[in-house]
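J.: One structure is given below, represented as structure tokens, and several questions about it will come after.
The values are calculated or read from the model by the stated rules, or taken from the named source; none is laboratory data. Treat the numbers as computed from the prediction; the structure is a model and nothing was measured. Don't worry about glycine lacking a Cβ; one is built from the backbone with ideal geometry, like all the others, and counts go over all protein chains shown. Remember, those area values only see protein heavy atoms, side chains included, never the ligands or the DNA or RNA. Shrake-Rupley method; radii C 1.70, N 1.55, O 1.52, S 1.80 Å.
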Amino acid sequence: MNKTTVRLSVGADGRLTKQGIICPYGQYSNVTDADGNVYVADGEIFVYDRYGKEQRRIQIEERPISLAIGGKQKDMLFVTTSSSFYGIKIR
């Protein structure tokens, strides 16, 4: 949807409902952490809380392509680019 990140609900019948825009960015990847924060890769990494309010931006040296949350405490944001792999502590 024109590089926007949306949130949808899934009804009991499996249908998608309640579409709402989280942020006006989003090209390659997004991931949600245990607290409901959404990380969106689009030139830099935009971080939004569960209510859609921008919290911060994370800049890395290269354009992020994919994101994943991991680590033993689920406190790391892993980012791939076209030539690198980053691990960023998020909590």
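J.: Given the conditions (1) open to solvent by 90 Å² or more (accessible area, probe 1.4 Å); (2) within 10 Å of the chain's Cα centre (by Cα), report the number of the one that residue 91 does not fulfil.
T.: (2)
J.: A further question on this structure: Among the candidates 32, 4, which residue alone is open to solvent by 30 Å² or more (accessible area, probe 1.4 Å), free of Cβ contacts under 8 Å to residues at least 40 places away in the same chain, polar (S, T, N, Q) and over 22 Å from residue 76 (Cβ atoms)? Give the derivation first.
T.: Working: 32 fails: over 22 Å from residue 76 (Cβ atoms).
Going through 32, 4 in turn, the sole match is 4.
J.: Among the residues of region 7-29, which ones are open to solvent by less than 80 Å² (accessible area, probe 1.4 Å), farther than 27 Å from residue 91 by Cα and among the β-branched types (Val, Ile, Thr)?
T.: 17
J.: Please work out which one of (1) under 26 Å from residue 75 (Cβ atoms); (2) in contact with a strand residue (DSSP E or B) (Cβ under 8 Å, 6 or more places away or on another chain) is the condition residue 9 fails and give its number.
T.: All conditions are met except number (1).
J.: Right, here's the next one. Name every residue in region 35-54 that is open to solvent by 40 Å² or more (accessible area, probe 1.4 Å) and on the phi > 0 side of the Ramachandran plot, in order of residue number. Walk me through it before giving the result.
T.: Of region 35-54, the ones open to solvent by 40 Å² or more (accessible area, probe 1.4 Å) are 35, 50-51, 53-54.
Selection gives nothing.
J.: Return the total of residues in region 71-80 being over 15 Å from the mean Cα position of the chain (by Cα) and open to solvent by less than 90 Å² (accessible area, probe 1.4 Å).
T.: Step one: list which residues in region 71-80 are over 15 Å from the mean Cα position of the chain (by Cα), which gives 71-73.
From what is left, the residues that are open to solvent by less than 90 Å² (accessible area, probe 1.4 Å) are 71.
Number of matching residues: 1.
J.: Shifting gears a bit: Within region 14-91, which strands (runs of 3 or more DSSP E) (wholly inside it) include 3 or more residues that are closer than 22 Å to residue 3 by Cβ? Walk me through it before giving the result.
T.: On the way: elements: 16-23, 29-32, 38-42, 44-48, 54-58, 66-70, 76-80, 85-89.
Correct list: 16-23, 29-32, 38-42, 44-48, 54-58, 66-70, 76-80.
J.: Something else: Taking the condition of being in contact with a Ser or Thr (Cβ under 9 Å, 6 or more places away or on another chain), over 15 Å from residue 40 (Cβ atoms) and surrounded by 12 or more Cβ atoms within 10 Å (Cβ to Cβ), how many residues in region 55-70 meet it?
T.: The initial filter retains those residues of region 55-70 that are in contact with a Ser or Thr (Cβ under 9 Å, 6 or more places away or on another chain), namely 60-69.
From the residues that got through so far, the ones that are over 15 Å from residue 40 (Cβ atoms) too are 61-62.
This time we only want the ones that are surrounded by 12 or more Cβ atoms within 10 Å (Cβ to Cβ), so: 62.
Total satisfying the criteria: 1.
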